[in-house]
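Take a look at the structure set out below.
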């Protein structure tokens, strides 16, 4: 009964008891520990652009990428939603040709009553006391000072040089992203402007230009990131993101990951955006009407989904809360019909509960049609992508650990026990056994159909290659329950 040893030479003559340890049969279900990559813009800080950096707190992001920078806000949102997934950050400097968005808050006063201005910028509260009899210039000066003192804001503020009743606001990071910085008053119930004071807000606008995501891929190399936050929805970067992730998903790289972004446009704008996309590797949430920035929405969603998908990739993330973002006002929230339409445009949706908490409704991918242009639901839900990623990871891990030093032979030969020989029939049994484990964990179903349809054969052109074809039937998320009540009197 010949045994194939890996370390003990058959020719040794030196006396002794030699025992080698073979860990290959100890392999069980292999945990797929998630790693996240966050991409955004810096203002200053201790870490230069395009340097992958591990971050463990929002304070680290603040110090390394700048107070109130895009990455500071994103990291804050991440750690309010996820404190377990390993997070890496790649910072980008503002594009050299980009223009920063600007806005303003102007004041006129008759006779000011004592009170408080309840200002909110990018979802952060800025409260300014107003004394009785204050002038418009005094209020403007106080508002500018309050905004300046809150360094976590993504804007700077200064009293206008030609009009002392006007506060000029400028985004800290240049580019179109600054146009999404929301400025408003009286978000919460019960807040109101002091009598005699009339503020006028000019929304942030005029930001132009965007960073180039293609600069990121060379510095991250072949490192796998299961979750990516890349909140840039301009055409160039959406193409770059989808192309890179498709390549990472390919059979020759197998370092798959899924990206998350958000779009703050109106219903028609975000629907039109979704209609122009088709990547199965990107999820975009609609964030219209929220005081929080789209990049915070994208980060919050990614953080929540990362935890859920790492624990069970087939489990739907419906009702998970986006803890760091503020809900749109009642008037701005999309109706059931509007959200239904968005889900046919490739846009992921949320709802708002009675407590005002934003919750995930259905996270889908941008994939809508196949290569022939026909409607296709193959990659509609992100659970499909994450389940397939885990199946491929475990399949690859099992064969690498247990069978990387086996020989390959045709079926039918009776080899001696202990020989490291793989045959197609044996391979088929191994795959079915692994499938049974996936069934137990609720990832797939229909083991009988799988066993009938799985294919294992030696490649006719390459006798060293074993070809496997697996037809797994994935377990689907439960999103819809339809019932018909037929009553009788």
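Just so you know, all these numbers are worked out from the coordinates, no wet-lab data involved. It should be emphasised that the depicted structure is a prediction, and the values quoted were computed from it without experimental measurement. Cβ atoms come from the backbone with ideal geometry, glycine included; neighbour counts cover every protein chain shown.
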Between segment 130-202 and segment 276-319, what is the C-alpha centre distance in whole Å?
31
Fully extended, how many nm does the chain gain between residue 234 and residue 464 (0.36 nm per residue separation, minus their Cα-Cα distance)?
78.1 nm
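Given contacts defined as C-alpha pairs under 8 Å and at least six residues apart, what's the relative contact order of segment 82-233, whole-number percent? The partial results should precede the final answer.
Details: 310 pairs, mean separation 51.2, N = 152.
Once divided by the residue count of segment 82-233, the mean separation gives 34 percent.
I need the peptides 322-328, 252-258 ranked by packing, meaning the mean over residues of other C-beta atoms within 10 angstrom, with the highest value on top.
On the way: 322-328: 22.3, 252-258: 16.3.
Packing proxy ranking, top to bottom: 322-328, 252-258.
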The simple spin-label model distance between residue 473 and residue 344, using points 7 Å out along Cα→Cβ, in nm, is 2.9
Computed Kirkwood radius, in angstrom, where 1/r is averaged over Cα pairs of segment 102-205:
13.6
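Would you mind telling me the antiparallel percentage of the DSSP bridges in the chain, rounded to 5? Please list the in-between numbers first.
Working: 44 of 66 bridges.
Here the share of antiparallel DSSP bridges comes out near 65 percent.
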Can you sort 134, 84, 11 by how many other beta carbons sit within 10 Å, fewest first?
11, 84, 134
Kindly identify segment 412-489 as rounded, prolate or oblate by the Cα gyration tensor criterion: order the square roots of the eigenvalues as a ≥ b ≥ c, call it rounded if a/c is under 1.5, otherwise compare a/b with b/c, prolate if a/b is larger, else oblate.
prolate
Mean Cα-pair separation over length for segment 337-387, i.e. relative contact order, pairs under 8 Å, 6 or more apart, %
25
Among 208, 102, 200, which comes first, then next, by fewest other beta-carbon atoms within 10 Å?
200, 208, 102
Just report the Cα centroid separation between segment 390-404 and segment 64-122, whole Å.
44
Out of (1) 54, 26, 19; (2) 35, 26, 21; (3) 32, 30, 22, which label holds the value of semi-axes √(5λ) of the Cα gyration tensor in Å that was computed here?
(1)
Between helix 235-249 and the chain, what is the angle of the helix's C-alpha long axis to the longest principal axis, kept within 0 to 90° and rounded to the nearest 10?
20
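Counting only helical runs of four or more DSSP H residues, what would the 222 nm mean residue ellipticity of the chain come to if each run contributes -39,500 (n - 2.57) and the total is spread over all its residues? Mind showing how you got there, number by number?
Values: 11 runs with 133 residues, N = 489.
Computed mean residue ellipticity for the chain: -8500 deg cm²/dmol.
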Between 0 and 90°, nearest 10: helix 70-81 axis offset from the chain longest Cα axis:
60
Rounded to one decimal in nm, the spacing of the 7 Å Cα→Cβ label points at residue 214 and residue 132 is 6.5
Take residue 446 and residue 332, extend 7 Å from each Cα along the Cα→Cβ direction, and tell me the distance between the two endpoints in nm.
4.5
As I understand it, the value is the acute angle between the Cα axis of helix 136-149 and the longest principal axis of the Cα atoms of the chain; what does it come to in degrees, rounded to 10?
20
Mind giving me the FRET efficiency for residue 203 and residue 33? R0 is 41 Å, r the Cβ-Cβ distance, nearest 0.05 is fine.
0.45
Segment residue 275-residue 44, length gained on full extension (0.36 nm per residue, minus Cα span):
79.5 nm
Within a 10 angstrom radius of the beta carbon, how do 377, 139, 177 rank from fewest other beta carbons to most?
377, 139, 177
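Between residue 8 and residue 401, what length in nm is gained on full extension when 0.36 nm per residue of separation is reduced by their alpha carbon distance?
Numbers: separation 393, 0.36 × 393 = 141.48 nm, distance 1.93 nm.
Extra length from residue 8 to residue 401 when fully extended: 139.5 nm.
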Taking 405-415, 123-133 and ranking on average Cβ neighbours within 10 Å, highest first, one gets 123-133, 405-415
Place a label point 7 angstrom from the Cα of residue 482 along the Cα-to-Cβ direction, then list the residues of segment 307-337 whose backbone nitrogen is under 18 Å away.
337
Hey, what did the chain get for relative contact order, percent, Cα under 8 Å, at least 6 apart?
14
Quick one: if the Förster radius is 25 Å, what FRET efficiency do residue 453 and residue 371 give, using the C-beta to C-beta distance and rounding to 0.05?
0.55
